Amino acid sequence: MNKNVNHFEINDQIVIIVGYKYLDNIINLIDSILKCKDNEEWRIIIFVDKEIDSDSSQIKIKIALNQLYNERITIILRTENYGVGKNILAAIHDLSIDHPNGIFVLLEDDLIVHPMYLVTMKNYLNKFKSNSEIAHINGGSYHLNRLKKGIYINQEVISYGWGSWFNKFQNILLTKSELNVYLSKMNDKDIYKFNFNNGFDYFGHLRVIIDNNANQWASLWYGSLYFQKYYCLSIYPGLIKINFRPGENQKKSSKWNELKFIRFSQNFSSDNLKLGSTEKYNSALIYFMQNPVNKNNVKFVLNKLIKIFIS
């Protein structure tokens, strides 16, 4: 069943999916969501982007999803090609109008979620809803060396399977012009810290995005949090896996999964996660960024990250 964004029923727990033309990936993601504990408490809304010069894949996806899931999901078809970044920001903006006090998780169509993903995200989104410093929850995780299971407060935005609050996101996200003011005041020492000890060039990505007026969200959101001193909550081990789309390098996909996403824990429970050391998390993160697991895989990983941050 398709509904206009302006006619959503009252439900302030929303799973936002942004999809493109990859029907099998979308189905695999939705199936994993429907296996989640307490999934019936969440509304699932998918925003399907339009292919350039074609709408055939959108029609195919709409028909297939309606047949498979009937009214369990809401499908919004974009009338033009947005690109990932614009599709994400527009989805959050549109939904925040009717759900200003709601919570959401954001999933791209190349992901699979752990059966405990939704109940865990809800737990921490509700727990930190009134917290004035936490603005983002990382449901995905890097494979960090020697890091213990727990939750960690940090400033690293992981753009896979994350969650937030509609009102916080809308109020905190800075415009490109506002971010440009912050960037222009940074010296080399500031940039080094902003880039996690030069583990990843967030400063350079933001400069490219701002200078080219690119449709992007992750680096904009990271900069917005960093400069205004907001923080993320990271769940470790992560509850997200990548499910590669057709055409992506399958030979290296297992390496990418080993490098960036840990295997799902079979006995995961959010009840026994303890707050860990921010210093230990940042140390493990910086080590990960500066010491790729497989040097032969460095080019692939960098290309993947670049696509994430400029899409």
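The values are calculated or read from the model by the stated rules, or taken from the named source; none is laboratory data. For clarity, every value in this text was computed on a predicted model and none was experimentally measured. Here Cβ is always computed from backbone atoms with ideal geometry, including for glycine, and neighbour counts include all displayed protein chains.
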Segments classed as strands (runs of 3 or more DSSP E), wholly inside segment 1-104, with at least 3 members that are aliphatic (A, V, I, L, M) and under 19 Å from Gly161 (Cβ atoms): 13-19, 43-48
Based on this model, can you work out whether Gly102 counts as buried (at least 22 other Cβ atoms within 10 Å of the Cβ), in contact with a Leu (Cβ under 9 Å, 6 or more places away or on another chain) and not aliphatic (A, V, I, L, M)? no
Neighbours by Cβ (under 6 Å, 6+ apart or cross-chain): first from segment 81-102, farther than 16 Å from Ile172 by Cα; second part of a helix (DSSP H, G or I) and at pLDDT 95 or above: His99/Phe166
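Results for (1) over 19 Å from the mean Cα position of the chain (by Cα); (2) surrounded by fewer than 15 Cβ atoms within 10 Å (Cβ to Cβ), shown as yes or no for each residue.
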{"position": "Val18", "(1), (2)": "no, no"}
{"position": "Leu23", "(1), (2)": "yes, no"}
{"position": "Asn28", "(1), (2)": "no, no"}
{"position": "Cys36", "(1), (2)": "no, no"}
{"position": "Glu41", "(1), (2)": "yes, yes"}
{"position": "Val48", "(1), (2)": "no, no"}
{"position": "Ile52", "(1), (2)": "yes, yes"}
{"position": "Ile61", "(1), (2)": "yes, no"}
Scanning segment 173-197 residue by residue, those outside any helix (DSSP H, G or I), in contact with a helix residue (DSSP H, G or I) (Cβ under 7 Å, 6 or more places away or on another chain) and either surrounded by 17 or more Cβ atoms within 10 Å (Cβ to Cβ) or free of Cβ contacts under 8 Å to residues at least 12 places away in the same chain (or both) turn out to be Leu173, Leu174, Asn195, Phe196
Is segment 224-240 home to any residue that is more than 16 Å from Ser159 (Cα to Cα), assigned to a helix (DSSP H, G or I), modelled with pLDDT of 75 or more and more than 17 Å from the chain's Cα centre (by Cα)? yes
Single residue of Ser277, Ser265 found to be modelled with pLDDT under 70, surrounded by fewer than 16 Cβ atoms within 10 Å (Cβ to Cβ) and either under 19 Å from Leu106 (Cα atoms) or not basic (Lys, Arg) (or both): Ser265
Criterion violated by Asp55 - all others in (1) touching a Phe, Trp or Tyr at 6+ places or on another chain (Cβ under 7 Å); (2) farther than 28 Å from Gly223 by Cα satisfied: (1)
